Every structure is written in structure tokens, then in C-alpha cells.
Amino acid sequence: MTLTLILEQIFNGLQAGVTLFLVAAGLTLILGIMDFVFLAHGAQVMIGAYAAAAITQATGNFFVGLGLAIPVTFASGYLLELLIIRHLYQRDHMEQVLATFGLILFFNEAIRIGFGPAALYSDLPESISGFVEILPETPYPAYRLGVIAIGLICALAIHLFVSKTRIGAMVRAGANNPEMTAALGINIKILFRLIFATGACLAGVAGMMLGPLTSVQPGMGEPLLILSLVVIIIGGIGSVRGAFIAAIIVGLVDTLGRVFLPSILRLFFEQATADGAGPALASMLVYILMAVVLIFRPTGLFPAKG
Amino acid sequence: MMANPVLDLRDLNKSFGALTATNNLSLTVMPGEIHALIGPNGAGKTTLIQQIYGALKPDSGQIFLNGRDLTGLSVPERIRAGIGRSFQISNVLMDFTVLENGIIAEQARLGQSFRFLRPAFSDANLIEGASAILDRVGLLDRAHLPVGGLAHGDRRMLELALALAASPSLLLLDEPMAGAGPDEGQRMTEIIEALRGTVAILLIEHDMDAVFRLADRLTVLVEGSVIAAGTVAEISQNKVVKSAYLGDED
Amino acid sequence: MLHLHDIESGYGAGQVLFGVSLSVPAGHVVSLMGRNGMGKTTTIRTIMGQLPLTAGRISRFGNAQPDQLPFQIARLGIGLVPEGRQIFSNLDVTENLKTFYRPPHDDGGSHWHYERVLDLFPRLAERRDHAGNHLSGGEQQMLAIGRALMTNPKLLILDEATEGLAPIIRTQIWDCLAALKAEGQSILIIDKNVKAIARLADHHYILNKGRVVWNGDSEALLATEGLTARYLGV
Amino acid sequence: MTGLFHFANLVRAGIRDNQLLWMLVAGFALFPLFTHFADLPFWNDVAMRIMLLGVAAMGLNLVLGYGGMVSFGHAAFIGIGAYCVGISQFFGLSNGLFHILLSIGVCGALGLVIGYLALRTTGIYFIMITLAFAQMLFFLFVSLEQFGGDDGMSIDRADFLIIDLYEPLRLYFLIWVALALVALLLMFIVRSRFGVTLRAIKSNESRIEAMGLVPLHFKITSYVISAMICGLAGTLFASWQEYVSPDIMHWTRSGELMIIIILGGIGTLAGPLLGAIVFLLLEEFLPVALGAVAPAYAENWMILFGPLLIMVVLFGRGGLVGLLDKAIFSRIFRRRMAVK
């Protein structure tokens, strides 16, 4: 266990964390402001990844793929809200679970029909597939570093947008008291739709950035969806700041736990026990973390209301 | 010799941020009396009821029921200690019939709610107990109606019946006349009147005709503080009350 | 400005208003009085489109189109100061004001903007960075009025704007409303303070059990024997 | 489909919920007779799956339908029940009765822990937390290499007392007995003082508190009972499948259970079983139907099933059965109007 390895894994954790945040940011607003259980948010990740991969293949240019995928995901979120989601706001949570579960099945199957069940792999262009020395003799993939940078920039942009702009203040007012917000002349239906589309867009950005790092395949969004739900519960539903902090924590705990937990256990237990329990414990770590947070703070670390 | 009070509030304080909802408030309710709590909206009446009931925790001060310190007890524990409550907005079991509401209250009173075998709604003993509960407010003839189909005033009656079910020593009534028509209000007044002497009542009500008719004593609350307390005659002559409540300031 | 013709409304199956008619002419201050539970706030909520109109007609600034949404009604030029103030607790004072700014409808009236609202309520200027839930009741009330003024309304509606406040704060609020009236602001106000409202308003309506049982000017209000005791008193 | 339509009519005609339940249970007892004479042995297998999913859904329905707790993690209990068989056999313990008792015990204890933690929250938090706990267990078994990890482990149909479950129909009737027992248990619970209070908590928790009862006690108890029932279903599922892998507790299965309940009719005794029938028939016939139209895409039947779920939520308040019923009825009705 060297310093290099630790540093590298911390960066991997950060990269996982910021990606998770992009998925969780929109979702926490959808859950918190609209009180809407939107399980198909993972499908937006998938749509973003496929859009980027398909456009990259068609145009042969990775950056065009990334650039064009953004409006595609925004439009898909906008249309989804307009056609289906807005009819579900007044329904109870269980019906929302059922309908958005149906959406997941539909999107996964549609992608399977359109692109086949096999995973798509997209190669990174030469220009960004190299390594950067983050410390002397500690090379780190440039692309992952870029993902971290873009994720942090997005996080900063979201933070500034929500806390500094007038529309951001409208969003927060809408979260606090939608009826009063409307009575002051704000069209909260449009506001909700834009939040929804923006959330979809952010999830899409996460998907397209993950494309070259993982396999792009039907259902790829669901593990991220579940993890981002954990993030939202830890951070407090409806809080963007909470989502960011929780996402980084979850990203680091998950990544570092998987790498280092078995060796840490080996310090205390016999090798066989440690090797058996290590991976199991590591994969449960974020859920254990969530349970612990809930025992002490049942509404998460930074609840948006109250 | 003075009897011991049923409810004894000592120096209660409660604030929400900079908003003082209850300000150093002390108050007693004597056995069998109807004690009305009046004051403008936002004066902290419901907040006070919530603290007695246990849904809100006072920042400081103590609450005694029959000499027992309730501070720190949960809502169900306070109910079992002898508090009954009706809510501002009808709080009854809407998906059940009137009789079923009574049966659920009766089995709770008997401490039998944790039984798994015999059907509850066809149990003769429970039906008998529930009928007695409903009879007190004159709802027996509507026992088999679903609560959802009940007139608003009857729902208020059922609410009162449920609050009375466990024979509490203190009844908290939060605007029992709210939303009732004139006839319903009259009926409710008569039923509360009939309870006088059997149970101590702390009553919040805006219908002043009803308050003047029912209350043995009045406490006037403004901005969380008691500004006057006394009999109906004393309060209705009180200049401070007039200016604070009617707002006839110059 | 605002005309209600025989409106009926309520919550679900429970009807609250049984044919209420009233008018607010331009530049006038009109009051709506009555005890709690008589339908005052229900009338306001129906005017704002927050409750459906089941019968009758509402004309807002000559626009009588039914089924408008609350935000559309607000944009026609109604500024609401709601019962219970309803300040956004997670926004600071500045955000509570600036977020809802809309320019005036025509250049005739006065123009309310952030600085001018702070001039009107110097207390708010001192607390401009405080979150809404860290304000006292009086400050919240001032903020609610300021917030409604920021929309540059043609008609300002105040629902119990002095309720539950200390007398000195109430006096400030009344002075502020008098100043607004002097500028020609049209106002519909609900309050229980008969004397203060008789000084401010030109015309009064008294609601009892969902019906207008009396209306008239201030002189008549104060002169009519037993009116306040019957419909308004303790 | 006409059969289901007929049942819906029976309900309308005043056949009570519990009567419908017992008719269905009796139907499953007689079903092997039908498959024997019609020479359709494959359908016994389908019927076993329906009964197993039905039992699990009935267990979930106690908290979901009667208690109003939207648990999105009940597949975990099915999985734990199934792994109780696998792991017992791994250590050489092969008695089926022991497996059942073990899984009921383990699921009860686990239900107590998860229920206690999850029920501190409400609303969306509760949904998400139950889901997260199920995921925790899912990943636990994915990473337990000694018990097969991702690949799972195969299972012997264990001896149940002296019955050899490899004999034809033995397992079928063991499952049937479990179904009947669970149906009986739920019928008693739902009508009992406890069940009545649980339903009242769903209707209005604060009124139950105002009666001096602690709602949490009732909720946790029902959560534990429902976990045990799902554990039982999982144990039998493992025997039926002769195999167990983490897949059995994948979060989509929790979704499936919810779908089954809502399709059949939430908060009813017969609903979960009815829903299981509809669900598995859709699973059998949608590919056939799709294959008839577009042979290349028969495997992609989910593309129809997903929108179907959305339609049920948007237009069919009374579950799929209600939807079908309404559609057929209104057509007949319109035709009659036209004749007049």
C-alpha cells in the first residue's frame, strides 16, 4: 500500500463522487420539490451515454458526440415531463413508483431494440487518452482528471445557479411553498418542467462522461440510480449542497472501501476470514453508512425543509 | 379549601426562530371546569395545546396533569395519563364507519389492540362499548354510515366522542365549532355543556356566543402571553382585552 | 378594478361562499370584515384562483375570463399579502423581495423596487441578509407587504395584515397603508380592527356565514347601531 | 382473460373478498387435475410460480395495502429465505422443515432490524431506505464467493419430513399448503383487533396516537410478519427453482411484487393472488402476442409491458382488472345504446 496507490484511489473516488453528484443533483430536486418518486432517472444516464456514443460513431468526433448529446438529453427530459410525468404529480408515491418503473422497462427495451443487447465501447480520442503526473512519478489518466474537473465545474455552476440567480431563488421558493410562489406570479409548472429537463440533462452528462470508462449497455443507469438515491438520503432530500457532500463521501467510501478494506481487515483477522469478509463488507459499506446516518439524522445531513 | 388543579402549566416558553409562540405562560384548569382560551389568530393557542398534548416540546417550563409531570412523555403516554383531544380539522378515521371508529377507540381503551385472532368488528363486547361511546354524542342512529358520507357537524361530534372514549381527566378541544352551521354549533354547545363537571375542559373557540355560554373561566392570549384571565364577566369588561382582541387602539 | 358577482365557492363538497358580490373601484380602499370562519379568506382565495369558482363571475381589471391560473391572475396585477404571511423561510429578505419583482403595468402609477421597499420599511434594510424564518412576526409582516409591492400590483390584497402583532407595529402598518392609499394604490383589506379600518377604507363589506350582510361607507359603519357587536365583536 | 373478467364480476355481484380468495386457492388445488387431463404439464410449473409470487405478494400486501407502508425492498426477504436453503445445504443441513423454520426466523429478525431503522422515516425516505437495505443484502450475496457469488448455488429439493419432493406434484402441494396457510393467517390478521388498528393507522396515524396507541409498534409487527411470509415464499422458491442466486433479490423483483399487488387490487385479500395470475399470464402471453406481429421482437415484450404499467396508473385506478372490466363493459353498454 503506497502513497501513490492511495492518491490514485482518492482521485478515483472523487471521479465516482462527482459523477454521482451529477445524477443526484437533478433527482434530489425532483424528489424534494415535486415530491415525485422518479425511478427512471437512471434511464436518463443511459440515454445520455447512448446519445454520445451514437453521435460519436456517426460523426467520428468524440467532442461533437458530447456536445450534441447535451441538447438531446435536455429534450428527452422536457418531453418526458410534458407527455407523462406531469400527469403523475398528484398521484401517490406507489403509483409513481409503478409508472416510472414502467418507464425503465420501456427505455431499457427500446435501447435494446435500437442498439442491440451488447455493450457499446467507445474509444477515447488520442488527445485525451494520455496520462498526467499529478505528483512526481504518479501518473493519472487525463480523461478521468477531466471528468473530475467537469463534474466540479458543473457542481459549482449548479450551486451558483441555485443560490445566486433569480431563477434559483424561484426554485427554492417553489420548494418551500409552491402555492404562495404561484400567487406571486411565478409559473411553477414551467419551472418544474425546466428543473426536470435540467436534471435529465445533468444525468445525461454523467452518462456520456462515463461512456468511455464503463460499458454502455441497456440498464446501465440503474446501479447509478440506486447509489444516487443513497446519496440523496444521506444528503437530505431536496438539498443540492447535501447531495454534493454526500456524493463525494459515497464516492470515496465506496472506492476506497473496495480497494483497502480487505487489507485493513487483514490486520485484525486471519487472512482467510479477511479475504472472505472484505469484499462483502466493502460492497455494503455505503449502505451501512446510510443506515448509520439515518439512525442519528432520520432526514439526512442537510434537510431542505424545516 | 382549593382543590388541586387537573392541569397546571408553569412558565412555559416556546419560540420558533425569532417568533415567540408561548411566552412565560402559566395556567391552571380546575376539576370539572370549562376553561376557555381566546385570542387572535397567531396568538399561540394551538401551539399551547400542542405542547400540552405532547406534539411540540416546550423550550422551558413544566406541564403537570393531576400533579404528575408530563414533561418528556410522548403523545400516547400522555393520552394514557388522562388527556383527550379533538383537533381543529376533523381528525377521524375517514375510511371506516362511525361504529368502526368507536370499536377501534374502544379496543384501544381496553388495551386490546394487540390481539390477532378474533375478528374485531363483529365482537359483541366491542360493539357494546363502542355504542356507549357514540351514544354520548347522539351518533348511535348513524353508527353504520361511513364517516366519509357524514355531515360536517356529525364528524365533529364523532371527533368529540373519540376524544372522550378513554374517559380522560382533561379534554383539549381545539375549535370544536369550526366550520359548523348554526344548528350544529348549537348541538355541540349543548353536548359540551352537558360535560361540565364530569371532565376538565380546555377550550379554544372563536364563536364568542358559545364561549360566553360555556366558559367558567377565560384566559386571553396575545402574542404568546396571557394578557388577562378571569370569569366571563370580568373579561368582557376588561379594557386591555378589548383593545388587544378587537384592536380598538387609538 | 375588481368586481365579484354572486360568487360561490368552497372546499371540496363544503360550500363556504353563497353568492358574494363586491367591487373595488380604482384608487379606493375597500374592507372585508366578519368573524373568523365567515368566508373572508375563502373569498380572497377564490379571487386569486386558488379555489375554483362554482358559480358567479369575477372580473379583474375588466378581464372576466374564467379558469385562470393563480400565477396568471397575479400577473394581471394583483399583489397578495396572505393570511399567516407565508414568508419563504429558506430565502433571505433580499431574495424574498427581488425574486418577485415585476415592472409596473403602465407608467401612470408609482414604481416599487427593492430600494424603495427598504425605504418604506427601514427595519427590513437592517435585516436584509437574514433568512425569512429568523424574522419576528412584525418584520415578516412588513416583508410580506413589501414582497407584494415588488410585483407592482394594480390591486393590493391584504388578509389580516395586523393580526397577532404588537400595537406599535400595528400602528406602523396602518401608517404605511395610509401612505399607499395617498399614492392612489387600490387596496382590498381584511381586518378586525374596526376603528383603524374605518379611518383607512372608503367602503366596507361585512361577511356573515358566506354572505354579504351589510355594506356601506365608514360613516355608516360607525353609525349603525349594533353592527359591530352583531357581526364583528368578541 | 374472460376468466378474470368473470371474477371481477363476481366481486361486483357481492362475492366477498375472502370468498374470492378461497375460490382461487381451491382452484389451485384442482388445477393439476385439469393439466393432467388436458395434458399440459408445463402449466403446473406456471401455477407453482404464480402461487409462490402470490404468497410473497400477500406478505408484502400486509404492509403495503393494509399498513400503507410503501416497502420497496421485500425481494430481499425472498432472497434471504432462498439462501437459508442454499447455505444450510452447503453446511450439510438438508431437512426442509428446518429450512422453513430457519428462514422464517432469520427473516423475522432481519425484518425487525430493517423495520426498526426504516420506520423511523416516512414518505419518499421510507421507499428509498427499504430499497437501499435490499441492495445492501443483494451486494452482500454478490460478493460472498463461498456461496457462489454472482453465479449462485444449486439446490437439492430437500426432504420435507418424510416427503420426497422430487416425486411429481409433491412440491406443488407443499406450495399449495403454504399458500392456504398464509391466506388463512392473513384473513385472521386483517380482521383482528391488530389488523383493524393497522388499517386505521394507514387511514389516520395521528388519530391512533390520540387514542394512546403507539403506531410504530403495529407497523413494526406487521413488517416482521410480512418479512416472514416473504421468507417462506423464498424458501419454497429455492426448492422450486433448484437454484439460488442474488438475482432473486434484485430490486426489480421488489418492483414486480408491487406491480402484482396493484394489478390485482391493493389492500384486498384476493388481490395479490389475482395479480400474480395476471402478471404471469402477461409474461407468458405478451411475447407470444408480440411474436405474432413482429417475430423478430418476441423477446422484447417489455416494450409493451412498460407502457402497459403506465397506462394502468394513468387510466385504470382499480388495477388492470378494473381497466379491462370498464373497457368491455362500456363497449357492451354502448352497443346496447345503439340498438335502442
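The values are calculated or read from the model by the stated rules, or taken from the named source; none is laboratory data. Predicted model only: the values in this text are computed from it and were never measured. We place every Cβ from the backbone using ideal geometry, glycine too, and count neighbours over all the protein chains shown. Accessible surface is based on the protein model in full, side chains and every heavy atom, while ligands, DNA and RNA are left aside. Shrake-Rupley method; radii C 1.70, N 1.55, O 1.52, S 1.80 Å.
Of B:V147, A:V162, D:V177, the order by accessible heavy-atom surface (1.4 Å probe, DNA, RNA and ligands excluded), from most exposed downward, is D:V177, A:V162, B:V147. The residues packed around D:N44, meaning those with a beta-carbon under 14 Å from its beta-carbon, carry a net charge of -2 if Lys and Arg are +1 and Asp and Glu are -1. Taking all Cα pairs closer than 8 Å and separated by 6 or more residues, the relative contact order of segment A:8-218 comes to 45 percent. Projected label points at B:M208 and D:E145, each 7 Å from Cα along the beta carbon direction, are separated by 8.3 nanometres.
Treating the angle as unsigned and between 0 and 90°, give the value, to the nearest 10°, between the Cα long axis of helix B:182-195 and the longest Cα principal axis of chain B. The two axes meet at around 90 degrees. Interface of A with D. Using a 1.4 Å probe and counting protein heavy atoms only, the two chains hide about 4100 Å² of accessible surface, both sides summed. Peptides A:52-65, A:268-281 ranked from most to least packed by the mean count of surrounding Cβ atoms within 10 Å: A:52-65, A:268-281.
Counts of other chain beta carbons within 10 angstrom of each beta carbon in peptide D:59-72 average 1. In this rough spin-label picture, where each label sits 7 Å from Cα along the Cβ direction, the D:F315-B:H144 distance is 3.9 nm. What residues of segment C:87-121 lie in the reach of a label at A:F161, counting those whose backbone N is under 17 Å from a point 7 Å from the Cα along Cα→Cβ? Counting backbone N atoms under 17 Å from the label point, the list is empty.
Note on B:S131 and D:A109: the model spin-label points, each 7 Å out from Cα along the C-beta direction, lie 4.9 nm apart. Compared with its chain on its own, segment B:207-233 contains the following residues whose accessible area drops by 40 Å² or more in the full protein assembly (probe 1.4 Å; ligands, DNA and RNA excluded): B:M208, B:E223. Placing a label point 7 Å from the Cα of B:L110 along the Cα-to-Cβ direction, the residues of segment D:172-194 with a backbone N closer than 19 Å are D:188-194. Sparsely packed loop sites in segment A:69-153 (the chymotrypsin sites (Phe, Trp or Tyr not before Pro) outside DSSP H, G, I, E and B with at most 14 other Cβ atoms within 10 Å) comprise A:Y89, A:Y121.
In this structure, C:A55 and A:E179 have a Cβ-Cβ separation that, at R0 = 35 Å, corresponds to a calculated FRET efficiency of about 0.90.
Keeping every protein chain present and rolling a 1.4 Å probe, give me the accessible area per residue for the protein assembly as shown in Å². Let's see the in-between values first.
Values: 45090 Å² over 1130 residues.
For the protein assembly as shown, the per-residue accessible area is 40 Å².
The share of accessible area on chain C that comes from carbon and sulfur is 51 percent, using a 1.4 angstrom probe.
Expressed as a fraction of 2.2 N^0.38 Å, the value expected for a compact globular protein of N residues, the C-alpha radius of gyration of segment A:8-218 is 1.09. In terms of the Cα gyration tensor, with a ≥ b ≥ c the square roots of its eigenvalues, is segment A:208-284 rounded because a/c is under 1.5, prolate because a/b exceeds b/c, or oblate? The shape class here is oblate. Taking A:A246, A:A157, A:A203 in turn, the Gaussian network model of chain A (Cα-Cα springs below 10 Å) assigns the largest fluctuation to A:A157. The Rg/Rh ratio of chain D, with Rg taken over Cα atoms and Rh as the Kirkwood radius over Cα pairs, comes to 0.98. A simple packing score, the average count of other Cβ atoms within 10 Å per residue, orders the peptides A:282-290, A:192-200 as A:192-200, A:282-290, with the highest score first.
Would you mind checking the pairs C:K98/D:K202; A:K164/A:K189; B:K57/C:K154 and listing those with alpha carbons more than 32 angstrom apart?
C:K98/D:K202; B:K57/C:K154
Our Cα-only numbers for chain B put the radius of gyration and Dmax at 18.7, 69 Å. Around B:M177, under 9 Å between beta carbons, what's the net of Lys plus Arg minus Asp minus Glu among the other residues? Neighbour charge sum, excluding B:M177 itself: -3. Buried on complex formation within segment A:221-243 (loss of at least 20 square angstrom of accessible surface versus the isolated chain, 1.4 Å probe, ligands and nucleic acids ignored): A:E222, A:I226, A:L229, A:I233, A:I237. Among D:67-79, D:270-282, C:20-32, sorting by the average number of other beta carbon atoms lying within 10 angstrom of each residue, highest first, gives D:67-79, D:270-282, C:20-32.
Summed over both chains, the accessible area lost when C and B associate is about 1800 Å², using a 1.4 Å probe.
Just the protein heavy atoms count here, and of the accessible area of chain A at 1.4 Å, carbon and sulfur take up 68 percent. Residues of segment D:23-39 with amide nitrogen under 12 Å from the 7 Å Cα-to-Cβ point of D:F173? The answer is D:29-30, D:32-33. The mean number of Cβ atoms from other chains found within 10 Å of a Cβ in peptide B:120-132 is 1, as a whole number. Springs between Cα atoms under 10 Å define the GNM used for chain B, and in it the highest mean-square fluctuation of B:R115, B:R78, B:R213 occurs at B:R115.
Considering only B:F116, B:F64, B:F212, the Gaussian network model of chain B with Cα springs below 10 Å gives its largest mean-square fluctuation to B:F116. Among beta bridges identified by DSSP and lying wholly in the protein assembly as shown, the antiparallel ones come to about 60 percent.
Once you divide the Cα radius of gyration of the protein assembly as shown by 2.2 N^0.38 Å, the number left is 1.03. In terms of accessible area, using a 1.4 Å probe and ignoring ligands and nucleic acids, C:K181, A:K164, C:K195, D:K202 rank largest first as A:K164, D:K202, C:K195, C:K181. Averaged over the residues of peptide D:140-149, the number of Cβ atoms from other protein chains lying within 10 Å of each residue's Cβ is 4.
By the rule of a C-alpha distance below 22 Å, with chain neighbours fewer than 8 residues away ignored, the lysines paired with B:K239 are B:K45, C:K192, C:K195. Solvent-accessible surface of protein heavy atoms, probed at 1.4 angstrom with all chains present, puts C:K98, B:K45, B:K239 in the order B:K239, C:K98, B:K45, largest first.
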